[in-house]
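The values are calculated or read from the model by the stated rules, or taken from the named source; none is laboratory data. Being a predicted model, the structure only gives us computed values, none of them experimental. FYI the Cβ positions are ideal-geometry reconstructions off the backbone, even for glycines, and counts take in every protein chain you see. Side chains are part of the model used for accessible areas, which takes the heavy atoms of the whole protein and leaves out ligands, DNA and RNA. Shrake-Rupley method; radii C 1.70, N 1.55, O 1.52, S 1.80 Å.
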Amino acid sequence: MKRFLFGVATAAGLFLASSQAWSADTLLNASYDVGRELFAQVNKAFIAGHPGVTIDQSHAGTSAQARAIAEGLGADVVTFNQVIDIDFLVSKGLISADWQKDFPDNASPFYSLPSFLVRAGNPKNIKGWNDLVRDDVQVIFPNPKTSGNARYTYLAATAYAKEAFKGDDAKVKEFVTKLFNNVPIFDSGGRAATTTFVQREIGDVLITFESETRGVRREYGEDKFEQVTPSVSLLAEFPVAIVDTVADEHGTRDLARTYLEFLYTPEGQDIAARNGLRARDASVAAKYKAEFPDVRLLKVEDVFGGWAKVQAEHFAAGGLLDQTYGSR
């Protein structure tokens with residue numbers, strides 16, 4: 001249970017985090033739902049090198065986090081899993097428009113991909129995306145309305161279908177609709193979906209970030225679950241940014257920058273790799289190469305024309321996601 005009870009952010013907790021007294025040596029990092037273990041380790045290592053600093057955490061689906069910040073959650077930095085949630089904060093005047101230039105690799109210190117977790121022995125013989133639309137398969141992933149994790153799943157499935165059906169929009173929509181129809185319950189975030197699959201034992205396959213599939217196997221035993229890496233998936237970047245208005249108000253801008261820069265250091269990259277994320281640092285990536293299966297990664301920019309177009313066509317009210325998700 002410890003994996004799923006650690007650092008759960010409740011609505012009351014978010015309120016307290018946003019209303020407490022702040023100082024220049026305290027940061028609040030608003031992060032994605034399944035990043036608890038990663039940032040517990042990152043923060044411990046960072047504080048070891050910066051005595052007297054306090055790092056507080058808030059974890060939830062990143063779309064929910066972005067809305068909470070817009071409504072007053074006093075996060076100095078965000079470590080999200082999709083660009084559009086940071087762009088939402090840009091639109092609210094909370095983050096500068098050129099935030100991707102503030103840090104290397106378009107402000108994404110590491111990356112991952114949607115991957116599959118199945119039960120021991122892979123009883124449904126699930127190997128790729130096409131198996132997920134079979135009538136005998138139940139699929140678990142969170143609600144793409146609230147979870148960046150799930151939006152990557154939606155986009156990865158759509159990208160796969162675009163290739164498989166040679167751009168036939170009707171067949172693509174049919175494929176993604178079948179996938180959604182095979183989901184018995186939509187949880188609000190990635191960690192809740194993992195709980196549904198692992199603890200409640202609902203579903204035949206969990207779709208989540210590769211880092212989460214590795215973490216579950218490590219926590220619950222490699223004899224109980226198997227990771228299945230599809231031959232093709234979608235590049236999932238993990239963008240970071242300083243929340244400019246908050247950092248300036250709190251006087252934490254310098255500390256916020258130093259904290260996010262730590263994620264790019266060999267130590268920060270090693271922590272990320274140990275937690276199942278793919279490192280940008282070449283030496284760290286080489287060190288862990290054997291642990292990460294080869295996979296052809298498609299990019300949002302190449303398949304969908306970029307995040308702005310994705311937001312307008314897929315995630316805006318009445319868009320393609322709404323048409324697929326329906327009244328669920």
Problem set entry | Residue in region 185-198 that is open to solvent by 50 Å² or more (accessible area, probe 1.4 Å) and among the basic types (Lys, Arg) present | no
Exercise. Do any residues in region 250-263 that are at positive phi have Cβ atoms under 6 Å from those of residues that are open to solvent by 20 Å² or more (accessible area, probe 1.4 Å), where the two are at least six apart or on different chains, and which pairs are they?
Worked result: Gly251/Ala24
For this session: Read through the list (1) surrounded by fewer than 16 Cβ atoms within 10 Å (Cβ to Cβ); (2) touching a Gly at 6+ places or on another chain (Cβ under 9 Å); (3) hydrophobic (A, V, I, L, M, F, W, C), then give the number of the only condition that Ile140 fails.
Result: (1)
For this session: State whether the residues of region 293-316 include one that is more than 28 Å from Val216 (Cβ to Cβ), in contact with a strand residue (DSSP E or B) (Cβ under 7 Å, 6 or more places away or on another chain), open to solvent by 20 Å² or more (accessible area, probe 1.4 Å) and touching a residue at least 12 places away in the same chain (Cβ under 8 Å).
Result: no
For this session: Scan region 45-68 residue by residue and report those that are modelled with pLDDT of 95 or more, aliphatic (A, V, I, L, M), part of a helix (DSSP H, G or I) and open to solvent by 10 Å² or more (accessible area, probe 1.4 Å).
Result: Ala45, Ile47, Ala48, Ala68
Seminar exercise, completed: Among the residues of region 74-94, the number that are open to solvent by 10 Å² or more (accessible area, probe 1.4 Å) and either hydroxyl-bearing (Ser, Thr, Tyr) or touching a Leu at 6+ places or on another chain (Cβ under 7 Å) (or both) is 1
Seminar exercise, completed: Filter region 103-137 for residues that are of a type in the set (Ser, Thr, Tyr) and open to solvent by less than 20 Å² (accessible area, probe 1.4 Å); the one that is farthest from Lys224 (Cα to Cα) is Ser108
For this session: Could you pull out the residue among Arg191, Arg200 that is under 18 Å from the mean Cα position of the chain (by Cα), of a type outside the set (Ser, Thr, Tyr) and not in a strand (DSSP E or B)?
Result: Arg191
Exercise. Hey, among Gly251, Gly276, which residue is within 27 Å of Ala70 (Cα to Cα) and open to solvent by less than 70 Å² (accessible area, probe 1.4 Å)?
Worked result: Gly251
For this session: Please work out which one of (1) free of Cβ contacts under 8 Å to residues at least 40 places away in the same chain; (2) farther than 20 Å from Phe304 by Cβ is the condition Pro184 fails and give its number.
Result: (1)
Exercise. When region 73-82 is examined, which residues are found to be over 22 Å from Asp254 (Cβ atoms) and modelled with pLDDT of 95 or more?
Worked result: none
For this session: Residues that are within 29 Å of Lys92 (Cα to Cα): find the helices (runs of 4 or more DSSP H) completely inside region 222-328 holding 1 or more of those.
Result: 244-250, 253-262, 300-304, 307-310, 320-325
Exercise. So which strands (runs of 3 or more DSSP E) are wholly in region 74-168 and hold at least 1 residues that are farther than 19 Å from Val246 by Cα?
Worked result: 110-112, 114-119
For this session: Determine, yes or no, whether Leu234 is open to solvent by less than 70 Å² (accessible area, probe 1.4 Å), within 19 Å of Gln100 (Cβ to Cβ) and either at pLDDT below 95 or under 20 Å from the mean Cα position of the chain (by Cα) (or both).
Result: yes
